[in-house]
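A.B. asks: I have a structure I would like to understand better, so I am pasting it below and will then ask my questions one at a time.
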Amino acid sequence: RAAHFAGGRMRTLIPEIGKTYSVSMWFWNGMPNDARPVAGYLFSRGRDHAFAAPGDHLGIGGTEGHTGKLIFHTGAESDQVLGGRTAIQRWTWNHAVLVRDGAKVSVYLNGNPKPEIDAALKSSIPPTVGHVFVGGRCDRDSTFEGRVDETAIYDRALTVDEVATLYRAAAGDTSVADAGP
């Protein structure tokens, strides 16, 4: 069973998250990729309802650009939206891992060791902001329409090998070890 999001989002506070962290999640997108400017946000870190949404935001691009591909940016008025390479098919399960290591951001899709997004991008929020959101952005823009499962937030940057291990383990390959906390 997976959480199904349809206009809502999950919010929690992780005060010790800091400036280095990783997020691993499985998702199933039910929104057509070309139905709105952003198909939906999977993960966000920032202040709840903050004006201009400063923070870290991982989603699926829509008509504004990077249609059907993973996107990452640091605010609603960000002049730099980074986009992935691989189109994500609607109604399919996919695994994404966001790795934030200070100013370095990497986003992996389905265990591929080559990141979809890999860039230096300073965070727009202080490292003390611990509000995280699943299924929507911190300002409630373009909430995710679909399912999210097996979300894990780590207090460190996962390695490429750990990203692949998480994907293989969840995909049913029992010959791999746990990526650990």
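The values are calculated or read from the model by the stated rules, or taken from the named source; none is laboratory data. Everything numeric here is computed off the predicted structure, so don't read it as measured data. For neighbour counting, all protein chains shown are included, and Cβ atoms are generated from backbone atoms with ideal geometry for every residue, glycine included. Heavy atoms of the whole protein, side chains included, go into the accessibility calculation; ligands, DNA and RNA do not. Shrake-Rupley method; radii C 1.70, N 1.55, O 1.52, S 1.80 Å.
A.B. asks: Please state which one of Arg90, Arg85 is among the basic types (Lys, Arg), touching a residue at least 24 places away in the same chain (Cβ under 8 Å) and surrounded by fewer than 14 Cβ atoms within 10 Å (Cβ to Cβ).
C.D. replies: Matching residue, one of Arg90, Arg85: Arg85.
A.B. asks: Of these, Asp48, Asp34, which one is in a loop (DSSP other than H, G, I, E, B) and farther than 26 Å from Pro127 by Cβ?
C.D. replies: Exactly one residue qualifies, and that residue is Asp34.
A.B. asks: Return the pair list, or none, for Cβ contacts closer than 6 Å from residues in the stretch 101-125 that are of a type in the set (A, V, I, L, M, F, W, C) to residues that are open to solvent by 50 Å² or more (accessible area, probe 1.4 Å), at least 6 apart or on different chains.
C.D. replies: Every condition considered, the pairs that remain are Ala103/Ala120; Ala103/Lys122; Leu109/Thr86; Ala120/Lys104.
A.B. asks: Among the listed residues Arg36, Arg47, which satisfies the condition of being surrounded by fewer than 24 Cβ atoms within 10 Å (Cβ to Cβ) and touching a Pro at 6+ places or on another chain (Cβ under 8 Å)?
C.D. replies: Arg47
A.B. asks: Let me ask something else. Please tell me if Thr63 is touching a residue at least 24 places away in the same chain (Cβ under 8 Å) and outside any strand (DSSP E or B).
C.D. replies: yes
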